[in-house]
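First the structure, in the form of structure tokens, and then the observations on it.
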Amino acid sequence: MKAMTAVMSLIKKRLREFETLGSKESITFNFSPFLDLKLRATIQTELVFCISTANSSAISGLRFQKLLENLKLNEIPVEYLEELMRSTGVRFYRRKAIYIKSAIDRFNIVKKSLKMETTSAREYLVKNIRGLGYKEASHFLRNVGRRDVAIIDRHVLKWLYDEGYLEKIPKNLNSYKYEKLERILSELALKKGVTLAKLDLMIWYKKTGMILK
């Protein structure tokens with residue numbers, strides 16, 4: 001019971017940190033006791049992190065984001081982005097380096113999206129930023145303080161399957177399937193009296209034993 005109380009306290013803390021990142025545009029995350037890592041994030045590096053984690057591990061993405069702390073993102077060449085991602089184990093680093101460079105160059109579009117309501121912001125990001133699908137755009141928006149989006153990754157899909165909400169795990173998600181699953185998660189969040197953002201961290205902890213981002 002005490003352990004679960006501590007977990008919920010850490011989840012609440014992480015959600016507050018996301019809101020601070022969105023409002024103050026920077027924050028230092030401490031991933032102890034799950035990971036021996038602290039990193040200072042900005043809205044730009046959070047966007048880069050979310051692009052890097054697609055079909056890769058969150059831990060590799062965090063280690064990559066850590067290497068960006070003292071760099072001027074708009075001055076980093078594609079080749080160096082590749083090198084940094086490769087060194088931290090990020091998959092598909094060549095393609096992602098191109099996406100990240102493009103996203104940094106078009107960061108004014110990202111800033112514009114943050115003034116929109118969540119659904120419109122996600123659509124705008126997916127349409128205008130290469131490397132952001134529904135999951136990655138939702139991930140970014142959640143990590144800058146939005147609480148009404150679901151990050152439907154393999155852990156969440158496995159949880160939905162294990163709990164009997166899915167007959168089988170889909171191999172890929174188009175926008176229609178994503179929104180359908182998001183509605184299921186929204187109903188579950190409502191029943192539990194939590195936000196989608198909080199439910200995601202709860203599921204992620206249940207499936208991985210960690211609270212990251």
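Readers should treat all values here as calculations from the given coordinates under stated rules, not as data from a laboratory. The shown structure was predicted, so the numbers you read here are calculated from the model rather than taken from an experiment. Positions of Cβ are generated from backbone atoms using ideal geometry, with glycine treated the same way; all protein chains shown enter the neighbour counts.
Taking 2.2 N^0.38 Å as the expected size of a compact globular protein, what ratio does the Cα radius of gyration of the chain give against it, to two decimals?
Numbers: Rg = 16.5 Å, N = 213, 2.2 N^0.38 = 16.9 Å.
Relative to the rule-of-thumb radius for its length, the chain sits at 0.98.
Only helices enter this figure: runs of n ≥ 4 DSSP H residues, each worth -39500 (n - 2.57), summed and divided by the residues of the chain, yield -19500 deg cm²/dmol at 222 nm to the nearest 500. Note on the stretch 125-213: along the principal axes its Cα atoms extend 35, 28, 23 Å, ordered by decreasing extent.
Would you mind computing, in nm to one decimal, how far apart the modelled labels at SER120 and THR28 are, each placed 7 Å from Cα along Cα→Cβ? About 3.7 nm separates the two model spin labels. Residue ranges 104-111, 31-38, 151-158 sort as 151-158, 104-111, 31-38 when ordered by packing (mean number of other C-beta atoms within 10 Å per residue, highest first).
Taking the Cα atoms of the stretch 14-66, the ratio Rg/Rh between the radius of gyration and the Kirkwood radius comes to 0.95. Taking packing as the residue-averaged number of other Cβ atoms within 10 angstrom, the listed peptides 175-183, 124-132 run from highest to lowest as 124-132, 175-183.
For the chain, return all DSSP H helices satisfying: extent of Cα atoms along own axis at least 20 Å; mean Kyte-Doolittle hydropathy at least 0.5.
Details: long enough: 2-24 (32 Å, -0.20); 175-192 (25 Å, -0.74).
Length and hydropathy pass: none found.
Which one, LEU201, PHE31, GLY145, is farthest towards the positive end of the dipole of the chain when Lys and Arg carry +1 and Asp and Glu -1 on their Cβ? My answer, from the dipole projection, is LEU201.
Share of Cα-Cα pairs in the stretch 90-164 beyond 22 Å, in percent? Numbers along the way, then the final one.
Details: 816 of 2775 pairs.
Every Cα pair in the stretch 90-164 considered, those over 22 Å come to 29 percent.
Only Cα pairs under 8 Å and 6+ residues apart enter the sum, and on that basis the relative contact order of the chain stands at 21 percent.
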